[in-house]
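A.B. asks: I'd like to ask you about the structure that follows.
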Amino acid sequence: MKPAPALFVFAFILLLPGCHSPVKKGSTTPPVKHVLPADNGDFFQKISPDLGIDFRHTIGDHHLDNLVETVGGGAVFLDYDQDGYIDLYVSNGSYTEHLSEGEHDEKIHTNHLYRNRQDGTFEDVTERAGVGDRGYGMGMTVGDLDNDGYPDIYITNYGPNVLYRNNGDGTFKDITKKAGVAGNDCSVGAVWFDYDNDGLLDLYVGNYIAYDPEYGYFYAPDGFPGPMAYDGQLDRLYHNLGEGKFEDVTEAMGVANPDGRAMGVGSADFDGDGWQDIFVANDHMVNNIYHNQEGKGFTDQGTRTGMAFNQAGEATISMSVDFADYNGDGLIDVFMSDDTYCSLYQNQGGGVFKDMAYPSGISMAAAQHVGWSSTFIDYDNDGDVDIFKVNGELKHLYGQEDQLFENIDGEKFRDISGELGAYFQEERVGRGACFGDYDNDGDLDGYIVNLNDQGVFLRNNRGNEQNWITFNLVGTESNRDGIGALVKISAGGREQTGVRRSTTGYLSQNDHRMHFGLGDAEQVNFVEIKWPSGKIQRLEDIQPNQIITIKEE
C-alpha cells in the first residue's frame, strides 16, 4: 500500500476544507466495506471494482451499429463535496429511440457519481446527489459557474445537454432550462473558460454530426456510415451572465462553423496574450484554433498556427487535445490524439507551432493504435510531463492496449507501457479518461472509460517515491476555479510551467489541483502564478510533498 501523504500549512495558505459527508439523516443502510488490493509491484495497478467503483458503460443496445454509439463516454475527477478528496463522475449511454437498434436489456442506465471515502474506496451516491442523468451521455466538463466554491457539472448528450448546479450540501439541481444551455444536437466535447476575463466561467460546446438513422449507404466491412456521410453541426458559445443564466453568443463572437464535426474541445492561452483561446479537434477535417481578440470576438487561426493539420499536411480524425510545457521553455505546447500518428505541437512563440510527433518518437508507436483520450501527466514525479494515451478501435468493439510515453529530456518520448504493469497488456476499447491524486499521496492515479465495457481504475504505486507539490488555486478577482491561470515553479535547478485547465483529453477532466513532480529536489524555490485577472502572485521557499491551497491576492 502507498504511504500516507505529508501535509504542511503556511500562514499565507488556506487550509483544505474539512470533511462533510453528504449522508442522509436517518439512513440505516450500513456502508459496504471494500478491501483494496495490496501493492502487486506494478507501477500502475488495476484496482477496480475492488475499491467500490463497478461502473460499466453501455452503448444502449447489444450491437455497435451506428457512429453515435462509437463516441462516448467520459469521466471527471472533482471534489463535489469540498472535503479535500477528489470524487469521480462518469457518463453513460442509454437505450434511445431512433438511435438504438435491436435487442437491449430493460435496465435503466444513468451517469454515476462516486464519493471518495478518504480511505481509498468509493461509494455510489448518484441517486442521493441527484445527478443520474438518463440521456445518451457523451462527456462532461466541471466548473464553478457561480463562484460559490462548489463545482458544477455540464453534461454533453446526444440530444439535450444537462447542467447540474451544486447545492453545496451534497446534492445538485438541474438548472438547464433556466440557464438556456440545453441545445438539442449531438454534443461531444465541451469546456468551461472565461473568455472575457470578467470572473465568470463561460461555456463552449462542440457539436458533432446531424445523425440520420435512415441513411444506410456504407462500405460493408465498416458496419455503418462514417462521419463524412453526415452534415456537421454548429458549435455553441455561451456567455455567463451571472445568476445561473447564459446567452448564446456563437454568431456574435465569430465562432459559428456549421460544417464542423467537433470531438475534443479545450481552452488555453496559446500565445501568452492573457486571453483564453479555443481549440476544437474535428473529425475528418481541419482543426479550429479560435484566437481570442481580447474578449471581443474570435478569429480562426488554425492554419496560421500550424495546428489545423498534422505533420503531413493532412486533416485527421482528431479526438482530443491537451496542453502543457513538455520541453521546459516556458511556452504551452499541445498534444492532439488521432487515429494514426498523432500530433505534438511544440510552441515556437508568436502563436506558431511545429508538429514534433515524428522526430520526438511518438508517431511510429502511436500509429499502431487509435488514440482517444490523451493527457499530459508527470506519472513518476521526475519533473517533466509524460503522455498517457488511451486507445480503442474506431468502429468495432476490438480492444487495443493503452500507452504511456515517457518524456526524455524534453526532446524525445519513449513508449514504456510494457514496463509499467500487467494492465498495459490488456486490450480494451478505451474512450475517455481522467487522472488525479485520489488518495492524496502525491502521485497521479487514473480512471478509464471503456466503450460498452467495465471501466478501469488505475492506482499509481510508485510515483510518490520522488518528491512532488500540488496547488489548489482559488481565484477572487479571477474565476474562483482559477481556470486559465499560468503557474511556474522553480525547484532543483529546473523551471516548470503549467496551465490550469478545465477539460483535459477526450470528454473528460483531470483533478482540478495542479500537480508538479520535483524529482529529488528538497525545496520549491518559488512558485509564480499569473491569474486570469492579470495579477501575478509569487511565493517562495516551499517544502515539497504537500497539497496547498493558494488564494488570489
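A.B. asks: Suppose we keep only residues that are of a type in the set (F, W, Y) and free of Cβ contacts under 8 Å to residues at least 60 places away in the same chain within region 126-167. Which one would you say is least open to solvent (accessible area, probe 1.4 Å)?
C.D. replies: Y154
A.B. asks: Looking only at region 420-443, decide whether some residue is closer than 30 Å to P359 by Cβ, hydrophobic (A, V, I, L, M, F, W, C), touching a helix residue (DSSP H, G or I) at 6+ places or on another chain (Cβ under 6 Å) and in a helix (DSSP H, G or I).
C.D. replies: Yes, region 420-443 has at least one match.
A.B. asks: Go over the candidates R538, R501 one by one and state the one that is among the basic types (K, R) and part of a loop (DSSP other than H, G, I, E, B).
C.D. replies: On inspection, the qualifying residue turns out to be R501.
A.B. asks: Could you list, in sequence order, the residues of region 324-352 that are surrounded by fewer than 24 Cβ atoms within 10 Å (Cβ to Cβ) and of a type in the set (F, W, Y)?
C.D. replies: Within region 324-352, Y341 is the sole residue that qualifies.
A.B. asks: Within region 89-106, identify whether any single residue is part of a strand (DSSP E or B), small (G, A, S) and either open to solvent by less than 10 Å² (accessible area, probe 1.4 Å) or modelled with pLDDT under 95 (or both), and answer yes or no.
C.D. replies: Checked region 89-106: no residue is part of a strand (DSSP E or B), small (G, A, S) and either open to solvent by less than 10 Å² (accessible area, probe 1.4 Å) or modelled with pLDDT under 95 (or both).
A.B. asks: Tally up the residues in region 227-240 that are open to solvent by 30 Å² or more (accessible area, probe 1.4 Å) and under 25 Å from the mean Cα position of the chain (by Cα), please.
C.D. replies: Number of matching residues: 3.
A quick yes/no check of all residues on (1) open to solvent by 10 Å² or more (accessible area, probe 1.4 Å); (2) at pLDDT below 70:
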{"site": "P22", "(1), (2)": "yes, yes"}
{"site": "G41", "(1), (2)": "yes, no"}
{"site": "L51", "(1), (2)": "no, no"}
{"site": "G72", "(1), (2)": "no, no"}
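A.B. asks: Can you name every residue in region 311-350 that is hydroxyl-bearing (S, T, Y), free of Cβ contacts under 8 Å to residues at least 40 places away in the same chain and part of a loop (DSSP other than H, G, I, E, B)?
C.D. replies: Answer for region 311-350, where residues must be hydroxyl-bearing (S, T, Y), free of Cβ contacts under 8 Å to residues at least 40 places away in the same chain and part of a loop (DSSP other than H, G, I, E, B): T316, T340, Y341.
A.B. asks: Please find, among F224, F270, F279, F246, the residue that is aromatic (F, W, Y) and more than 25 Å from the chain's Cα centre (by Cα).
C.D. replies: Selected residue: F224, the only one of F224, F270, F279, F246 that is aromatic (F, W, Y) and more than 25 Å from the chain's Cα centre (by Cα).
A.B. asks: Evaluate the following for D273: is it acidic (D, E), at pLDDT 95 or above and open to solvent by 30 Å² or more (accessible area, probe 1.4 Å)?
C.D. replies: In short, yes.
A.B. asks: Confirm whether M285 is open to solvent by 10 Å² or more (accessible area, probe 1.4 Å) and of a type in the set (A, V, I, L, M).
C.D. replies: yes
A.B. asks: Among the residues of region 107-125, which ones are of a type in the set (V, I, T) and open to solvent by less than 10 Å² (accessible area, probe 1.4 Å)?
C.D. replies: Correct list: T121, V125.
A.B. asks: Next question, about the same structure. Every residue in region 70-121 that is over 20 Å from the mean Cα position of the chain (by Cα) and of a type in the set (A, V, I, L, M, F, W, C), please.
C.D. replies: L99, I108
A.B. asks: Looking only at region 288-306, decide whether some residue is outside any loop (DSSP other than H, G, I, E, B), touching a residue at least 24 places away in the same chain (Cβ under 8 Å) and more than 21 Å from D196 (Cα to Cα).
C.D. replies: Taking every residue of region 288-306 in turn, at least one turns out to be outside any loop (DSSP other than H, G, I, E, B), touching a residue at least 24 places away in the same chain (Cβ under 8 Å) and more than 21 Å from D196 (Cα to Cα).
Every residue, every condition in (1) in a strand (DSSP E or B); (2) at pLDDT below 95; (3) under 25 Å from W275 (Cβ atoms), yes or no:
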site: V181; (1), (2), (3): no, no, yes
site: N197; (1), (2), (3): no, no, yes
site: L200; (1), (2), (3): no, no, yes
site: L203; (1), (2), (3): yes, no, yes
site: G206; (1), (2), (3): yes, no, yes
site: E214; (1), (2), (3): no, yes, no
site: F218; (1), (2), (3): no, yes, no
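Rundown of residues vs (1) open to solvent by 40 Å² or more (accessible area, probe 1.4 Å); (2) not in a strand (DSSP E or B), yes/no style:
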| residue | (1), (2) |
| --- | --- |
| S363 | no, yes |
| D384 | no, yes |
| K389 | no, no |
| Y398 | yes, yes |
| N407 | no, no |
| F413 | no, no |
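A.B. asks: Ok, one more. Could you list all residues from region 230-258 that are assigned to a strand (DSSP E or B) and of a type in the set (D, E, K, R)?
C.D. replies: R236, K245, E247, D248
To keep it simple, each residue is scored yes or no on (1) of a type in the set (A, V, I, L, M, F, W, C); (2) open to solvent by 10 Å² or more (accessible area, probe 1.4 Å); (3) more than 19 Å from the chain's Cα centre (by Cα); (4) closer than 26 Å to L201 by Cα.
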| residue | (1), (2), (3), (4) |
| --- | --- |
| L451 | yes, no, no, no |
| L458 | yes, no, no, no |
| R462 | no, yes, yes, no |
| I469 | yes, no, yes, no |
| S478 | no, no, yes, yes |
| G493 | no, yes, yes, no |
| T497 | no, yes, no, yes |
| T504 | no, no, no, yes |
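A.B. asks: Does I542 satisfy the condition of being more than 24 Å from V191 (Cβ to Cβ) and without any contact (Cβ under 8 Å) to a residue 12 or more places away in the chain?
C.D. replies: no
The values are calculated or read from the model by the stated rules, or taken from the named source; none is laboratory data. These numbers come from a predicted model, not from an experiment. Counting neighbours? That spans all protein chains shown, and the Cβs are built from the backbone with ideal geometry, glycine included. These accessible areas exclude ligands, DNA and RNA; they are computed on the full protein's heavy atoms, side chains included. Shrake-Rupley method; radii C 1.70, N 1.55, O 1.52, S 1.80 Å.
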